[in-house]
1. Restricting to the stretch 133-160, give me the number of residues that are buried (at least 18 other Cβ atoms within 10 Å of the Cβ) and either farther than 21 Å from GLY37 by Cα or of a type in the set (A, V, I, L, M, F, W, C) (or both).
2. Report whether or not VAL24 is at pLDDT 95 or above and out of contact with any strand residue (DSSP E or B) (no Cβ under 7 Å at 6 or more places or on another chain).
3. Might you check whether a residue that is farther than 16 Å from MET23 by Cα, of a type in the set (Ser, Thr, Tyr) and touching a Gly at 6+ places or on another chain (Cβ under 7 Å) occurs anywhere in the stretch 163-171?
4. Counting only residues that are basic (Lys, Arg) and closer than 24 Å to GLU105 by Cβ, which one in the stretch 24-80 is surrounded by the most Cβ atoms within 10 Å (Cβ to Cβ)?
5. Name the one entry in GLU3, GLU43, GLU30 that is of a type in the set (Asp, Glu), under 24 Å from PRO155 (Cβ atoms), out of contact with any strand residue (DSSP E or B) (no Cβ under 6 Å at 6 or more places or on another chain) and free of Cβ contacts under 8 Å to residues at least 60 places away in the same chain.
6. Mind checking whether some residue in the stretch 52-75 is over 14 Å from the mean Cα position of the chain (by Cα), over 17 Å from LEU181 (Cβ atoms) and touching a residue at least 60 places away in the same chain (Cβ under 8 Å)?
7. Restricting to the stretch 161-198, count the residues that are buried (at least 17 other Cβ atoms within 10 Å of the Cβ), in a helix (DSSP H, G or I) and of a type in the set (D, E, K, R).
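The values are calculated or read from the model by the stated rules, or taken from the named source; none is laboratory data. Keep in mind it's a predicted model, so treat the numbers as computed, not measured. Backbone-built Cβ (ideal geometry, glycine too); neighbour counts: all protein chains shown.
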Amino acid sequence: MIEIPESPLDHMERLGSLLRGTMVTDRTSEFLSLDAGCRAVVETILATHRDRRKAMVVGNGGSSAIASHMQTDFANSLRMRSMVFSEPSLLTALANDFGYAAAFECQVATWADPGDLMVAISSSGRSINILNAVRAATERGARIVTFSGFIADNPLRGMGDVNFYVASQSYGLVETAHQVLAHYLTDQAGLLLKGSEA
């Protein structure tokens, strides 16, 4: 019988510790408590919904799956206009014509409007195509929320109005923590929207 390096409960405990230790900063690199950061993002989601703006969610690989899940929650649970930039035909066409580094940026340039919300997810916080997309969204007046991990001084971490950073080098732990945080934010926004309609 094999010996697994880490028990399931130990792994879950490590994930819980990382979530509790999530670092949150604003655009000026001022530290916020996790509660304050989450409250600010929920308020931004509700303002985006109220103003009939849209949410754009972007990521690569596993982060793209998280982006798609978050976009689903925006659209289905919150009845918010929302989009991801991973439709295969368009993504591959833009990557072929302009390079993968510009593939998301090109889509942001087409669809982003002032007051929209951009959620950018990157485990490393160093993916050039994500950084370019965030710059383009910022130039167009979008509000920015970022999720990153790995190295504390990754560039994505300083680009958002609210930035969530998970201090781990493990893709699995960083991505799972990002998914938990994303779900928490959309769930809380959904509860507030339902409460306002009651």
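1. Count: 11.
2. Working: at pLDDT 95 or above: yes; out of contact with any strand residue (DSSP E or B) (no Cβ under 7 Å at 6 or more places or on another chain): no.
Judged against the criteria, VAL24 is not a match.
3. yes
4. LYS54
5. Numbers: GLU3 fails: under 24 Å from PRO155 (Cβ atoms); GLU43 fails: under 24 Å from PRO155 (Cβ atoms).
Only one candidate qualifies: GLU30.
6. The answer is yes, given that some residue of the stretch 52-75 is over 14 Å from the mean Cα position of the chain (by Cα), over 17 Å from LEU181 (Cβ atoms) and touching a residue at least 60 places away in the same chain (Cβ under 8 Å).
7. Going through the stretch 161-198 one residue at a time, the tally reaches 1.
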